[in-house]
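These notes are about the structure you will find just below.
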Amino acid sequence: MLIIPAGTSPFKDGACASAADRLAMCRLAFPPPLFEVRDLEFARGGKSYTVDTVRELRAEFPGDDLYLFTGDDMFLTLADWYESAALLQQVIPVGACRTGDRARLGEMRRYARDVLHLDEGRYHVSESEPLEISSTELRAAIDGDAAQNFLDPAVASYIREKGLYRYPNGEYVRLLKERLSERRFRHSLAVADSARQLALHYGGDPEKAYTTGLLHDVCKDTPPGEQLQYMLGNGLSLTPVELAAPKLYHAMCGALYAERELQITDPEILNAIRYHTTGRAQMTLAEKIVFIADFISADRDYPGVDHMRATAARSLEEAIVEGLAFTVKELADKANPIHPDTIDAYNEAVMHTARKEEN
């Protein structure tokens with residue numbers, strides 16, 4: 001098995017560990033003779049696209065089958081990869097589910113058949129039992145039991161000695177672990193990762209986006225009555241539409257909680273939490289990033305999520321239109337009130353997109 005750490009990813013321009021550190025950790029974690037760690041992406045330089053790496057390997061192994069291992073989240077986006085058709089002619093993708101959700105395996109098989117148009121034998125879906133741990137949890141507990149239990153001891157020691165992955169969000173992760181259900185906690189981690197990637201892709205502040213993604217649902221599992229009492233008790237007035245829509249409480253309550261209890265004063269973080277559900281006109285880049293990250297995080301599996309992810313990778317503005325249209329339709333179909341901020345955001349986004357097309 002060849003282990004090839006990415007050089008410069010097209011979507012992760014601010015890697016928290018250097019190329020040399022990541023290469024060193026791979027060599028500690030994947031010793032010979034079963035594994036061979038290669039630095040060919042570092043040697044090639046520039047953006048690292050998998051198809052370019054595969055072409056190099058195909059020249060070296062012209063008569064062999066090449067298997068490309070991915071997690072389920074990446075497997076379900078293969079059609080959107082750079083030169084995906086050329087890539088799939090060269091490799092046999094193997095997808096492994098990151099959670100114990102058996103339905104995900106069927107989704108992966110249907111995707112391979114109906115979207116990638118691969119015959120049996122030209123792809124594999126692994127049914128091995130996953131080890132459920134996220135990179136975010138490991139980073140937050142790099143000195144604790146989680147790191148010791150899930151990382152190779154030599155790698156854990158290397159990370160500590162080098163001082164890698166020292167995010168200032170460890171306390172927030174521990175707080176969320178206490179306040180949220182397991183499903184909501186993992187969603188928050190996934191949104192944080194997604195927000196950071198979007199920020200890197202669109203020129204935002206990746207660490208601010210990551211923090212906001214972590215905290216966007218900090219009050220989600222608090223009963224609506226308690227949320228309302230907290231907001232009113234802290235002087236926050238709600239409009240009739242807001243009072244009639246308890247599903248909106250957590251965003252308003254979350255921003256207030258972050259400001260008062262967590263002592264966060266950055267208006268970009270507070271507003272991104274506040275408007276991550278409704279959106280609003282004249283959203284900042286930080287607000288747009290978290291709004292879309294909540295739609296496309298790796299744990300999301302609603303119909304159309306893969307299309308939304310592809311749109312977000314291509315154009316943040318188009319993704320905003322798509323996300324707002326989804327929200328308006330869902331609320332209208334259920335005869336629920338639609339917040340004026342959502343209507344304003346949708347109208348502004350649609351008119352902005354129309355003007356760009358005219359020009």
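Since every read-out is calculated from the coordinates, none of them should be taken as a lab result. Since this is a predicted model, take the numbers as computed values, not measurements. Cβ coordinates were reconstructed from backbone atoms using ideal geometry, including for glycine residues, and neighbour counts include every protein chain displayed.
Could you grab the relative contact order for the chain? Cα pairs under 8 Å, six or more apart, rounded to a whole percent. In percent, rounded to a whole number, it is 12.
Length gain on complete extension for the stretch A20 to S315, per 0.36 nm per residue less the alpha carbon to alpha carbon distance?
On the way: separation 295, 0.36 × 295 = 106.20 nm, distance 3.23 nm.
Gain in length upon complete extension: 103.0 nm.
Neighbour counts of C-beta atoms inside 10 Å place T265, T353 in the sequence T265, T353, starting with the fewest.
Taking a ≥ b ≥ c as the square roots of the Cα gyration tensor eigenvalues, with a/c under 1.5 meaning rounded and otherwise prolate when a/b beats b/c, else oblate, which class fits segment 182-234? Verdict is oblate for segment 182-234.
FRET efficiency for the pair L262 and A154, taken as 1/(1 + (r/R0)^6) with r the Cβ-Cβ distance and R0 = 35 Å, rounds to 0.45.
Please give the FRET efficiency for L2 paired with F326, using the beta carbon to beta carbon distance and R0 = 51 Å, rounded to the nearest 0.05. Show your work: numbers first, answer last.
Details: r = 40 Å, r/R0 = 0.79.
Efficiency at R0 = 51 Å is approximately 0.80.
Compute the Cα gyration tensor for segment 2-132, then decide on rounded, prolate or oblate, letting a ≥ b ≥ c be the square roots of its eigenvalues: rounded whenever a/c is under 1.5, prolate when a/b is larger than b/c in the other cases, and oblate in all that remain. Display every interim value, and only then the final one.
Details: a/c = 1.61, a/b = 1.36, b/c = 1.19.
Judged from the Cα gyration tensor, segment 2-132 comes out prolate (a/c at least 1.5, a/b above b/c).
What's the angle, to the nearest 10 degrees (0 to 90), between helix 50-60's Cα axis and the longest principal axis of the chain? For 50-60 against the chain, the angle is about 0 degrees. Compared with the rule-of-thumb size 2.2 N^0.38 Å for a compact globular protein, segment 150-278 has a Cα radius of gyration ratio of 1.18.
So how much slack lies between L238 and E207, counting 0.36 nm per residue of separation and subtracting their Cα-Cα distance, in nm?
Details: separation 31, 0.36 × 31 = 11.16 nm, distance 3.09 nm.
Full extension of this stretch gives 8.1 nm more.
Can you list which of the chymotrypsin sites (Phe, Trp or Tyr not before Pro) found in segment 52-108 are DSSP loop residues with at most 13 other C-beta atoms within 10 Å?
Working: sites: Y67, F69, F75, W81, Y82; in loops: W81, Y82.
Counting only loop positions with at most 13 other Cβ atoms within 10 Å, the chymotrypsin sites (Phe, Trp or Tyr not before Pro) in segment 52-108 are Y82.
Each of E242, E56 was scored by other Cβ atoms within 10 Å of its Cβ. Arranged with the fewest first, they read E56, E242. Per residue of the chain, the DSSP helices (runs of n ≥ 4 H) give a summed -39500 (n - 2.57) that works out to -16500 deg cm²/dmol at 222 nm.
Rounded, prolate or oblate: which one fits the chain, using the alpha carbon gyration tensor with axes a ≥ b ≥ c (rounded when a/c is under 1.5, else prolate when a/b beats b/c, else oblate)? Verdict is prolate for the chain.
Calculated on the Cα set of segment 266-322, radius of gyration then Dmax: 11.3, 35 Å. Each of T70, T212 was scored by other Cβ atoms within 10 Å of its Cβ. Listed from fewest to most, they are T70, T212. The simple spin-label model puts a point 7 Å past each Cα toward its Cβ; for R174 and V305 those points are separated by 3.0 nm. Using R0 = 41 Å, the C-beta based FRET efficiency linking N336 and E36 works out to 0.15.
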